[in-house]
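Bear in mind these aren't lab numbers, they're just calculated from the coordinates by the rules spelled out. Because the structure is predicted, anything quoted here is derived from the model rather than measured. Every residue, glycine as well, gets a Cβ built from its backbone with ideal geometry; the counts of neighbours run over all protein chains shown.
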Amino acid sequence: MTMRRLRAGVVGAGVIAQVMHLHYLRELAGHFEIAALCDIAPENASANAATYGVPLVFTDWREMLRGDIDVVLILTSGSHARIAVEAARAGKHVLVEKPMSLSVAEGELMRAEAVEHGVTLMVGYPKRYDPAFARFREEIALIAEPRLLRVTTFEAPFRPYLAHYPLAPVVDLPAGAAAAWRTEVDESVTAALGDLAEDGFLRRQYHEVLLDCMVHELNTVRSLFGEPGRLDYADLGPASVTVMLRYGDMRVALHWMDLPGMTRYQMEFACYGPDRRATLRFPSPYLRSAPAKLKVEGGDTGTTRSWRTEETTSYDSAFRRELLAFHECVTTGATPLTDATDALHDLALCRSIVQAFATGVPVDRPSALTLLEEKN
C-alpha cells in the first residue's frame, strides 16, 4: 500500500517551529510535504521557506487556508482558536501546539468545529509520545499501592540550548500586529478567568506559567491517573508554583520553579510505593533526540536487599513520533492520543488552580469541564 503524503501548511516560524517541527517535517518527507509557510512577520516566513524549500509563503493564514493543503500545524503563541476553527471549516486537519487555547470555551468551539467538519484535531504534547514515558507508565503500573507522585520542574534559560542550531533570526511582530495579538490574548484570558481576571498577577500566572509551562506536567499527570478527585492546595509565587492534587489515597505534588541562574533545565516525575520507586527525568525540550532517563528501584521486604536500574529507552525524538502519530490519525481516522477533549481538561484544571489560590478553598473535580459533569 502506498503511503499517503500529506500537504502541510505551517502557521508560525518561531523557535519551536524551526528547532523541531520544520526539521522533522523535512525528515519525514515520505509522510509530509511542507507546502506552505505562514508568519505574520514576512522575514520569518521567507527565511524559513528558503531553508526548507517551501514553495508558498504567506503573512495571512486565511489566504493559506484557501490553498491546496491537507493539514495545518498551528505553532503560534497566544490563542489558537480562530485559526483552528477556520481550518476545520476549510476541511483541514489540525495539529495545534499547547495550550490548545486560552479558555475552555474557545477549546470547546475548536472541538465542535472539528467534529462537525470531520477533521482531526490533535494537540501537541510531545512527552506523551516519548518511548521512555511509555516505559514509565509500565513501571508505575507495577506499584501496588502508589503513595505519592512528585513532579519537579526547574525552568532554565532556553537560548543557550539553541546556539548549536543554524536557525534564522526570529523577527518581532509588526507594531500593529503585536497590538492586535495582545488585545486578543487579553480578551481570551479575561473570558477564561471571569471575576479573577481583574488581578494582573493571576492573569500572568494563568497565561505565562500554567498554560505556557505547567500544562505539560498537568497533562502528563492526568494521562497516568485520570482526572483528579480534588485540588487540595495551590500556591502561585512570582517564580514558583506548588500544586497538590488528590487521587483517592494517593497524592500528587507538583513543584515548578524558574531558576534563571544556570542553563540546567530539569523535569522529573517520581512515583513512590512501599516496595518500588520509578523516576523519569526529561531533558530540555529544545534538544533534538536527547533521551529521557528512567530509573527504577526495588527491594525485598524485610531484608537488606535492594536494587536499582537506570534505562535509556530510546533516542527517537518525541516530536518526530508525535508527527507520525498525527499522520496516522489523519490517514486512518484514528482518535489522537492527545485529542481536544484531553486538552480541555488541562485548561479547566489551570483555571481551578488560579481559583484555589485566589480563594484559599480546595476544588473538587478541578478538571471537570461543565456543571453537568461536576454533578455527575
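When N counts the residues of the range 1-124, how does its alpha-carbon radius of gyration compare numerically with 2.2 N^0.38 Å, as a ratio? Spell out each step's value before the answer.
Details: Rg = 13.6 Å, N = 124, 2.2 N^0.38 = 13.7 Å.
Expressed relative to 2.2 N^0.38 Å, the Cα Rg reads 0.99.
For the chain, modelled as a GNM with alpha-carbon contacts under 10 angstrom, which of 204, 281, 305 fluctuates the most?
305
Of 50, 350, 69, which is farthest towards the positive pole of the chain's charge dipole, taken about the Cα centre with +1 and -1 on the beta-carbons of Lys, Arg and Asp, Glu respectively?
Selected residue: 50.
Once the Cα atoms of helix 175-193 and of the chain are each reduced to a long axis, what angle between those two axes, in degrees from 0 to 90 to the nearest 10, is obtained?
40
For the chain, rounded, prolate or oblate, judged on the Cα gyration tensor with a ≥ b ≥ c (square roots of eigenvalues), a/c < 1.5 rounded, else prolate if a/b > b/c? Walk me through the intermediate numbers first.
Numbers: a/c = 1.65, a/b = 1.33, b/c = 1.24.
Prolate, since a/c reaches 1.5 and a/b exceeds b/c.
Explain nothing, just the number: dipole magnitude of the chain about its Cα centre with +1 on each Lys and Arg Cβ and -1 on each Asp and Glu Cβ, in debye rounded to the nearest 20. Please report the intermediate quantities before stating the final value.
Working: 39 positive and 49 negative charges, 199 e Å.
Its charge dipole is roughly 960 debye.
Using alpha carbons only, how many angstrom separate the centre of the range 18-84 from the centre of the range 255-313?
36
Is there a quick way to get the dipole size of the range 1-69? I mean about its Cα centre, with the Cβ of Lys and Arg at +1 and of Asp and Glu at -1; what is the value in debye to the nearest 20? Let's see the in-between values first.
Working: 6 positive and 7 negative charges, 55 e Å.
With only Lys, Arg, Asp and Glu charged at Cβ, the dipole is about 260 debye.
Helix 340-359 against the longest principal axis of the chain: what's the angle in degrees, Cα atoms only, rounded to the nearest 10?
That works out to roughly 60 degrees.
Angle, helix 104-117 long axis vs. longest principal axis of the chain, Cα atoms, 0 to 90°, nearest 10?
60
Restricting things to Cα coordinates, could you compute the convex hull volume per residue of the range 149-259 in Å³?
On the way: hull volume 16.3 nm³, N = 111.
Measuring per residue, one finds 147 Å³ for the Cα hull of the range 149-259.
Could you give me the percent of Cα pairs per 5 Å distance bin for the range 243-283, shortest bin first, beginning at zero and ending with the bin that holds the maximum distance?
6, 15, 22, 24, 17, 9, 6, 2
Can you give me the Kirkwood hydrodynamic radius for the range 256-304, using every pair of distinct Cα atoms, in Å to one decimal? Spell out each step's value before the answer.
Working: mean 1/r = 0.0761 Å⁻¹.
In the range 256-304 this quantity evaluates to 13.1 Å.
For the chain, with the dipole built from +1 on Lys and Arg beta-carbon atoms and -1 on Asp and Glu ones, taken about the Cα centre, which of 126, 190, 10 lies farthest toward the positive end?
My answer, from the dipole projection, is 126.
State whether the range 117-199 is rounded, prolate or oblate according to the following rule on the C-alpha gyration tensor (a ≥ b ≥ c being the square roots of its eigenvalues): a/c under 1.5 gives rounded; otherwise a/b larger than b/c gives prolate, and the remaining case gives oblate.
Details: a/c = 1.99, a/b = 1.46, b/c = 1.36.
Here the range 117-199 falls in the prolate category.
Compare the Cα positions of 207, 309, 178 along the charge dipole of the chain (+1 at Cβ of Lys, Arg; -1 at Cβ of Asp, Glu; about the Cα centre) and return the one farthest towards the positive end.
In the chain, that residue is 309.
List the aspartates and glutamates whose Cα sits under 14 Å from the Cα of residue 293, skipping any in the same chain fewer than 8 residues away.
Cα-Cα hits under 14 Å: 130, 139, 268, 310, 311, 316.
Shape call for the range 291-353 from the C-alpha gyration tensor, a ≥ b ≥ c root eigenvalues: rounded (a/c under 1.5), prolate (a/b greater than b/c) or oblate?
In terms of gyration-tensor shape, oblate.
Using a simple charge model, +1 on the beta-carbon of Lys and Arg, -1 on the beta-carbon of Asp and Glu, nothing else, what dipole does the range 272-376 show about its Cα centre, in debye to the nearest 20? Numbers along the way, then the final one.
On the way: 13 positive and 14 negative charges, 83 e Å.
For this selection, approximately 400 debye.
Would you kindly work out the equivalent ellipsoid of the range 266-372 from its C-alpha gyration tensor and give its semi-axes, the square roots of five times the eigenvalues, largest first in whole Å?
On the way: eigenvalues 195, 140, 41 Å².
Those come to 31, 26, 14 Å.
How much space per residue, in cubic angstrom, does the convex hull of the C-alpha atoms of the range 224-310 take up?
Working: hull volume 13.2 nm³, N = 87.
Residue-normalised Cα hull volume stands at 152 Å³.
Can you list the aspartates and glutamates whose alpha carbon is less than 14 Å from that of residue 98, not counting same-chain residues fewer than 8 positions off?
106, 208, 212, 217, 322, 339, 342, 346
If you project the alpha carbons of the range 55-165 onto the principal axes, what extent comes out on each, in Å, largest first?
Sorted from largest, the Cα extents of the range 55-165 read 52, 40, 25 Å.
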